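The values are calculated or read from the model by the stated rules, or taken from the named source; none is laboratory data. Fair warning: this is a prediction, and the values are worked out from it, not measured in the lab. Cβ placement follows ideal geometry from the backbone for every residue including glycine, while neighbour counts extend to all protein chains displayed. All accessible areas refer to the heavy atoms of the entire protein, side chains included, with ligands and DNA or RNA removed. Shrake-Rupley method; radii C 1.70, N 1.55, O 1.52, S 1.80 Å.
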Amino acid sequence: MSQKQVAIVTGAGSGIGQAAAWALLKDGWKVVLAGRRADALKETIEQAGAGAQAMAVPTDVTDPASVRSLFDAAVKAHGRVDLLFNNAGIGAPTIPLEELSIEQWKAVVDTNLNGMFYGIQNAFRVMKDQNPRGGRIINNGS
């Protein structure tokens, strides 16, 4: 890879997002780690020994302005975004469905669906205007 490629990974503070961030860093990517918990993002970077190759941007994927700020920070730091690994998500409590509150349901939908949409929307915004144009989007749901 001649030019360092830039990835944004949401949900990068733990689990699959953390593993994806580590794999990308190991492969030589610059990685912008996004998640709600700044301490978990910092710990992910420290455990990877990534130094300047990684940047933590605390982000609430349910907030369109927060997701826009994430992409703006990545572009400001690295000039482009080549990959979005859209991974942030939450599960509903393990309770009987009839006991699940509307607020709990809306939190799942807002994170898992709307949050993914906000990431895709911003990736398109950035990727269509960069040179070379384009990039990749991976939407992970589990």
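On the given criteria, is P58 in contact with a Phe, Trp or Tyr (Cβ under 6 Å, 6 or more places away or on another chain), surrounded by fewer than 24 Cβ atoms within 10 Å (Cβ to Cβ), modelled with pLDDT of 95 or more and not small (G, A, S)?
Details: in contact with a Phe, Trp or Tyr (Cβ under 6 Å, 6 or more places away or on another chain): no; surrounded by fewer than 24 Cβ atoms within 10 Å (Cβ to Cβ): yes; modelled with pLDDT of 95 or more: yes; not small (G, A, S): yes.
The answer is no for P58.
Show me the helices (runs of 4 or more DSSP H) entirely contained within the range 38-113 in which 1 or more residues are under 12 Å from the mean Cα position of the chain (by Cα) and without any contact (Cβ under 8 Å) to a residue 24 or more places away in the chain. Steps first, answer last, please.
Details: elements: 38-48, 64-78, 102-109.
Once the helices (runs of 4 or more DSSP H) in the range 38-113 are filtered for at least 1 residues that are under 12 Å from the mean Cα position of the chain (by Cα) and without any contact (Cβ under 8 Å) to a residue 24 or more places away in the chain, what remains is 64-78.
What residue, among those in the range 111-138 that are polar (S, T, N, Q) and open to solvent by 40 Å² or more (accessible area, probe 1.4 Å), is farthest from A73 (Cα to Cα)?
Among those residues, the one meeting the criterion is N112.
Checked against (1) open to solvent by 30 Å² or more (accessible area, probe 1.4 Å); (2) in a helix (DSSP H, G or I); (3) more than 17 Å from G119 (Cβ to Cβ), K4 passes all but a single condition, namely (2). Can you say whether G141 is of a type outside the set (V, I, T), in contact (Cβ under 8 Å) with a residue 40 or more places away in the chain, open to solvent by 30 Å² or more (accessible area, probe 1.4 Å) and at positive phi, as far as the supplied structure shows? So G141 fails the test.
State whether the residues of the range 26-34 include one that is small (G, A, S) and under 19 Å from G89 (Cα atoms).
Our first condition is that a residue be small (G, A, S); within the range 26-34, this holds for 28, 34.
Still in the list and also under 19 Å from G89 (Cα atoms): 34.
Taking every residue of the range 26-34 in turn, at least one turns out to be small (G, A, S) and under 19 Å from G89 (Cα atoms).
The set of residues in the range 28-54 being open to solvent by 90 Å² or more (accessible area, probe 1.4 Å) and in contact with a helix residue (DSSP H, G or I) (Cβ under 8 Å, 6 or more places away or on another chain) consists of Q47 alone. Per this entry, A74 is not counted among residues that are buried (at least 18 other Cβ atoms within 10 Å of the Cβ) and modelled with pLDDT under 95. I'd like to check something: does the range 93-108 contain any residue that is under 17 Å from G28 (Cα atoms), open to solvent by less than 60 Å² (accessible area, probe 1.4 Å) and of a type in the set (A, V, I, L, M)? No, that holds for no residue.
Filtered by the rule that a residue be surrounded by fewer than 22 Cβ atoms within 10 Å (Cβ to Cβ), part of a helix (DSSP H, G or I) and in contact with a helix residue (DSSP H, G or I) (Cβ under 8 Å, 6 or more places away or on another chain), the range 9-25 gives a lone residue, W22. Check R80, R136 and return the single one that is within 18 Å of A20 (Cα to Cα) and modelled with pLDDT of 95 or more. Just one listed residue meets the conditions, R136.
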